[in-house]
Amino acid sequence: MAYSEKTDSAKQSQTCFYDPVTDSWRPVSSVDPLPSSATLTEGTYATVIDSSSSSIYTYVGKAVIGSIFSSSSWQIRQIEDNNLIVRWADGNSNFDNIWDDRVVISYL
C-alpha cells in the first residue's frame, strides 16, 4: 500500500494521506498512525505540519511512514513565521526526536 501526502490547506496541524487501494484520504494522528504494514519505497516519509501549537513558530516533522508521534524517530524543524528562520531540533537533521515534544525541544 503506497501513500502520498496531503496537508490541510487551512494551515492546520492535520496531515492526511491518500490510500490508492481504497481511493480515499485519511487523517493521521498519534492514536491512528499509518499502518506499519504499508509497502514503502526507500526514502518515503510521512510529513506533519503544526502551525497551531505556537503563534510564532511552525513545526515540520518527518518520519518513516508508520512511526507514531511518541517514538524517537522524527526529524523536526522549527520555522519562525515572521522571519522564515529555520532551526533544527537538537541542532541537527537526525531522525531521533519525539514529535509530541516538538514545543519543548531545544532548536539550534
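The values are calculated or read from the model by the stated rules, or taken from the named source; none is laboratory data. Quick caveat, the model's predicted, so the values are computed rather than measured. In this analysis, Cβ positions are derived from the backbone assuming ideal geometry, glycine residues included, and neighbour counts consider all displayed protein chains.
May I ask you to verify whether residue 3 is in contact with a Pro (Cβ under 9 Å, 6 or more places away or on another chain) and either at pLDDT 85 or above or surrounded by 12 or more Cβ atoms within 10 Å (Cβ to Cβ) (or both)?
In short, yes.
Do we have residue 69 as in contact with a strand residue (DSSP E or B) (Cβ under 9 Å, 6 or more places away or on another chain) and modelled with pLDDT under 75 here?
No; evaluated as a whole, the condition is false for this residue.
In the range 78-100, what residues are among the acidic types (Asp, Glu), out of contact with any Leu (no Cβ under 8 Å at 6 or more places or on another chain) and in a loop (DSSP other than H, G, I, E, B)?
Within the range 78-100, 81, 96 meet the criteria.
Kindly provide the set of residues from the range 72-108 that are on the phi > 0 side of the Ramachandran plot and modelled with pLDDT under 95, ordered by number.
84
Among the residues of the range 11-24, are any among the basic types (Lys, Arg), in a loop (DSSP other than H, G, I, E, B) and modelled with pLDDT under 55?
Checked the range 11-24: at least one residue is among the basic types (Lys, Arg), in a loop (DSSP other than H, G, I, E, B) and modelled with pLDDT under 55.
Among the residues of the range 44-54, is there at least one that is among the polar types (S, T, N, Q), in a strand (DSSP E or B) and surrounded by fewer than 17 Cβ atoms within 10 Å (Cβ to Cβ)?
Yes, there is a match, as at least one residue in the range 44-54 is among the polar types (S, T, N, Q), in a strand (DSSP E or B) and surrounded by fewer than 17 Cβ atoms within 10 Å (Cβ to Cβ).
Quick check on residue 57: is it more than 13 Å from residue 107 (Cα to Cα) and not aliphatic (A, V, I, L, M)?
no
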